[in-house]
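For reference, the structure is listed below as structure tokens.
What follows is calculated from the coordinates using simple rules that are stated; it is not laboratory data. Remember, predicted model here, so these are calculated numbers, not experimental data. Neighbour counts run over all protein chains shown; Cβ positions are idealised from the backbone, glycine included.
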Amino acid sequence: MDLFGQLQSLIAADEQRMRILRIVRGLDLPDCWVAAGFVRSCVWDDRHRRSPSPLPSDIDVIWYDPIQVWPGHDAVMQSTLYSLDSTLEWSVKNQARMHERNADQPYSSATDAMRYWPETATAVGVRLNDQGVIDVAAPFGLTDFFALLVRPTERFGTEKRSIYVDRIRSKDWQAVWPSLRIEMPPVEPD
């Protein structure tokens with residue numbers, strides 16, 4: 001089975017994640033994905049042959065619509081999700097405006113926005129489509145992800161290196177998943 005199929009199987013076997021995907025699908029947001037730690041911890045737990053970790057402290061729901069960029073729309077969607085499940089911390093962000101906060105060029109889709117995230121292993125999203133199939137968005141593929149390799153995306157390996165390094169330290173993923181291999185970008189000479 002290819003890596004995309006493996007990821008689909010892992011998510012499909014997780015009742016809690018499937019319930020969340022059904023809830024998010026009900027929002028009917030365009031180009032919408034549940035991403036980052038929601039997906040990452042599921043795979044890393046499996047690769048470490050350990051019981052599933054608790055869900056991440058926040059559930060990252062990303063979507064893309066260049067027409068509805070008002071931040072209040074995200075707040076309404078977040079509130080709607082909270083009313084459907086108040087046990088979870090929801091984070092809803094329309095990626096059509098996030099390039100401004102991140103000092104990037106405008107993104108063309110939610111998947112394109114993931115190309116600008118700090119590490120390749122974070123840049124993975126899943127969603128439940130109308131046919132009940134799990135779609136996977138992984139702009140960098142899934143090889144690093146399944147190989148337990150954490151590496152920076154292009155700008156986080158150079159101009160945003162300090163953000164990547166601080167993030168690796170603060171997340172301390174190796175304390176939970178000790179087989180991870182963390183790639184640290186070289187320090188640029190002055």
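Using 0.36 nm per residue of separation minus the Cα-Cα distance, give me the extension gain between I67 and R101 in nm, one decimal.
Details: separation 34, 0.36 × 34 = 12.24 nm, distance 1.76 nm.
Going from the current span to full extension adds 10.5 nm.
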Labelled set (i) 18.9, 61; (ii) 15.4, 43; (iii) 16.4, 54; Rg and Dmax of the Cα atoms in Å computed from this model equals the value at (iii)
Descending packing, highest mean Cβ count within 10 Å first, for 173-180, 28-35, 115-122, 148-155 is 115-122, 28-35, 148-155, 173-180
So, relative contact order of the stretch 3-182 in percent, Cα under 8 Å, 6 or more apart, is 22
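For the chain, what is the percent of antiparallel DSSP beta bridges, rounded to the nearest 5? Let's see the in-between values first.
Working: 10 of 17 bridges.
Taking every DSSP beta bridge with both residues in the chain, the antiparallel ones total about 60 percent.
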Calc'd 3J(HN,Hα), the stretch 49-58, phi into Karplus 6.51 cos²θ - 1.76 cosθ + 1.60 (θ = phi - 60°), Hz, glycine/Pro = x, comes to 6, 10, 4, x, 6, x, 4, x, 5, 9
